[in-house]
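> To start, I am sharing the structure in question, which I have written as structure tokens.
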Amino acid sequence: MASMRDIKRRRAGIESTGQITKAMKLVSTVKLQRAKERALQSKTYFHSMYLTVKSLLSKSGNVDVAYTTKQESEKKAVIVITSNRGLAGGYNSNVVKLLTQSDLKKEDLEIYAIGKKGRELLERRGYHIAQDLSDLMEEFEFADTIKVCEAIMKRFEAGEIGEIYLAYTNFKNTVSHIPTLIKLLPILPEDELVGDDDDDDEDENLIMNFEPEDVDALKMIIPKYVSSLLYGALIEATASENGARMQAMDNATSNAEEMIADLTLKYNRARQGSITQELTEIIAGAEAIS
């Protein structure tokens with residue numbers, strides 16, 4: 001059995017750790033509220049963009065645009081969004097697991113890593129990191145996502161990349177975060193675009209007039225569509241990260257409190273045992289003298 005000094009020292013260490021995890025939980029809670037509000041406010045725009053592109057593709061027929069044509073290259077670019085910091089439960093590992101357990105072959109993938117943790121995990125598993133974009137997780141604007149998408153889409157247009165994917169964590173609510181892998185390009189007629197179209201009652205037989213022509217319109221809109229998806233994914237990933245970290249720190253704080261209660265009970269028992277032993281020795285000594 002551990003001594004009273006050892007129990008007391010361990011309890012003090014756990015109390016210190018519990019204070020840290022409690023503080024981190026409070027910080028994550030504040031950040032989550034801001035990120036959650038931002039995510040909810042942006043959903044309307046991204047949903048509208050989804051409906052617009054879906055409507056355009058359904059009425060444009062077979063348009064000769066690189067973004068809607070299957071490329072010959074077997075290479076696939078994957079934008080992976082994780083966090084720069086740990087202590088977020090399974091947030092980072094779940095995104096990496098989503099990619100490693102997919103049907104995509106490792107030797108064909110080029111990873112564009114947004115988040116140091118995901119980059120480190122994928123590097124250890126032998127994935128090729130084409131570019132480290134971890135700085136975007138600290139602070140990002142829509143213009144930043146446009147630059148990232150333009151660079152990758154140029155490679156797609158040049159035929160160096162056959163497909164572009166996005167791996168991120170979809171924010172449903174405070175406790176529900178879903179790792180998601182979606183294909184950004186090419187947008188083929190048989191593919192289902194990303195979005196929730198339950199409220200889309202538009203008649204697909206209606207005639208759509210393009211101004212400018214359909215090819216020019218798609219060349220302008222699809223890059224914005226891809227950039228919007230990446231920006232929305234960054235917003236939802238930020239909210240998911242803070243939600244996951246808040247839950248992890250809450251669980252850690254609860255575990256610390258349980259361990260402190262258990263150690264306090266053990267300390268009291270050890271103290272009581274020590275007092276009982278001293279009393280027994282005193283009584284035994286008194287009886288021996290008498």
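Only the coordinates and a few stated rules stand behind these numbers; no lab work does. Given the structure is predicted, the values throughout are model-derived calculations rather than measurements. Please note: Cβ atoms are built from the backbone with ideal geometry, for glycine as well, and neighbour counts cover all protein chains shown.
> Loop by DSSP (not H, G, I, E, B), at most 15 other beta-carbon atoms within 10 Å: where is the longest site-free stretch of the chain for GluC sites (Glu not before Pro)?
On the way: sites that count: GLU72, GLU74, GLU138, GLU139, GLU141, GLU160, GLU190, GLU192, GLU202, GLU204, GLU213.
After excluding every exposed loop site, the longest remaining stretch is 214-290.
> With N set to the number of residues, divide the alpha-carbon radius of gyration of region 1-56 by 2.2 N^0.38 Å and report two decimals.
2.32
> Which Rg and Dmax, in Å, describe the Cα atoms of region 73-123?
So, for region 73-123, Rg and Dmax equal 11.0, 38 Å respectively.
> Expressed as an acute angle from 0 to 90° and rounded to the nearest 10, what is the orientation of the C-alpha long axis of helix 214-289 relative to the principal long axis of the chain?
Once rounded, one gets 10 degrees.
> Also, I was wondering about something else. Restricting the calculation to Cα positions, tell me the Rg (one decimal) and the Dmax (whole number) of region 108-154 in Å.
Cα-based Rg and Dmax for region 108-154 come out at 11.3, 32 Å.
> Scan the chain and report its longest stretch carrying no trypsin sites (Lys or Arg not before Pro) that are both in a DSSP loop and have at most 16 other Cβ atoms within 10 Å.
Counting at most 16 other Cβ atoms within 10 Å as exposed, the longest clean stretch of the chain is 173-290.
> Need one number: nm distance between label points at THR17 and ARG124, each 7 Å from Cα along Cα→Cβ, rounded to one decimal.
My value for the distance between the label points is 1.9 nm.
> Which percent, nearest 5, of DSSP beta bridges in the chain are antiparallel?
Of those bridges, close to 35 percent are antiparallel.
> Output needed: percent of Cα pairs per 10 Å distance bin for the chain, bins running from 0 to the one holding the longest distance.
6, 22, 25, 17, 10, 7, 5, 4, 2, 1, 0, 0
> Let's see if you can work this out: charge +1 on each Lys and Arg Cβ, -1 on each Asp and Glu Cβ, no other charges. What is the dipole magnitude of the chain about its Cα centre, in debye to the nearest 20?
2080
> Calculate I(q)/I(0) for region 1-130 by the Debye formula, one identical point scatterer on each C-alpha and no solvent, and give its log10 at q = 0.13, 0.15, 0.21 Å⁻¹ to two decimals.
With no solvent term, the Cα-only Debye profile gives -0.88, -1.03, -1.19.
> Compare LEU87, LEU56, LEU104 in a GNM of the chain, Cα atoms joined below 10 Å, and give the one with the largest fluctuation.
LEU104
> Note the angle between two axes, namely the Cα long axis of helix 91-100 and the longest principal axis of the Cα atoms of the chain, as a number of degrees from 0 to 90, rounded to the nearest 10.
50
> Hey, if you put +1 on the Cβ of every Lys and Arg and -1 on every Asp and Glu Cβ in the chain, which of PHE46, ALA252, TYR267 ends up farthest toward the positive end of that dipole?
Result: TYR267, furthest along the dipole toward the positive end.
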